[in-house]
Amino acid sequence: MKSLSDELASFAHAIVQGEALSPNIKAEYPNHSLETAIEVYRNNYRGNLHDSLAGIYPVIEQLVGEAFFRRLSRAYVEQHPSLSRNLYHYGEQMAAFIKTFTPAQHLVYLADVAGLECACHRAHNAEDAGLLEIGNLAQVSPEQYSQLALVIHPSCTVLRSRYPIVTIWQVHQPGAPDDFQIDLEGGANNALVLRKNNEVQVCELAEADAEWLISIRSGYLLGAATASTLDKYPEFDLQVCLVDLVSRGVFTCFTVGEVP
């Protein structure tokens, strides 16, 4: 005899994957057929996941319209069923999925905007952490600067795009002006996403600053990250970049000589 967990799994598979119900599950309903009853559960399941996706990707929904977004979300749900009772991580594959979703292929910037919105969602839910004070760096002797390992705040993400995703995101926020113009051929865009004072912030980074911060995130010590960045961008100004990123709340602390 199947256990209760087996029966529940069978019921879930019938809803999510369209499999046949276990014969041990009662299939008689006074007012509806079995197919109708299962479809009610299936629609509730899809509706909950759609609402979760709409909450994570409000700009995407604004860009494509409610009807198109419902079509997109339904296709996503069919290929990416929820694997957890916690919907926090649900929808993280949306950017990759949009790249394969044929009806959205002409919206070349859409996947990158989805990646930005996913980063905002992660930033909102990231763990709290203290922020580095710029004065703390004065405790380090100049001979040790190159050996500094800077720790990045858990909410921080850097994204690179061929399209102006920061502007696209900003003009679709509440209170943004309606008379905006976006040049999709305006060049590459580097987005910095993080949470500060309980508010998710999105801003644009210069190419050299983004390169340096990505190197730091990859585990480079300050000296190596700076040298690597200067090789590509001789105009890079470490002091200006560091003061700016510290003021934004990008770093939590530092160590000397090793990556935490």
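Values in this text are rule-based calculations from the coordinates and carry no lab data. The structure displayed is predicted, hence computed values, not measured ones. FYI the Cβ positions are ideal-geometry reconstructions off the backbone, even for glycines, and counts take in every protein chain you see.
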Projected area, mean over directions - the stretch 104-226, Cα convex hull, nm²: 9.5
Environment charge at Pro164 (Cβ cut-off 11 Å; Lys +1, Arg +1, Asp -1, Glu -1): -3
Cβ-defined net charge surrounding Leu137, 15 Å radius [Lys, Arg +1; Asp, Glu -1]: -3
Amide H partners (placed H, <5 Å) of Lys196, local residues excluded: Gln201
Restricting the stretch 178-260 to GluC sites (Glu not before Pro) in coil, as DSSP defines it, with at most 15 other Cβ within 10 Å: Glu185, Glu235, Glu258
Prolate/oblate/rounded label for the stretch 142-204 (Cα gyration tensor, a/c 1.5): oblate
Amide H partners (placed H, <5 Å) of Leu148, local residues excluded: Leu222, Gly223, Gly257
Ascending count of other beta-carbon atoms within 10 Å, so fewest first, for Thr252, Thr100: Thr100, Thr252
Estimated FRET transfer efficiency when R0 is 30 angstrom, pair Gln79-Tyr233 (beta carbons, to 0.05): 0.15
Low-density loop positions, trypsin sites (Lys or Arg not before Pro), the stretch 190-253 - DSSP coil, at most 14 other Cβ in 10 Å: none
³J(HN,Hα), Karplus 6.51/-1.76/1.60, whole Hz, each residue of the stretch 181-192, x for Gly, Pro: 10, 10, 9, 5, 9, x, x, 5, 9, 10, 9, 10
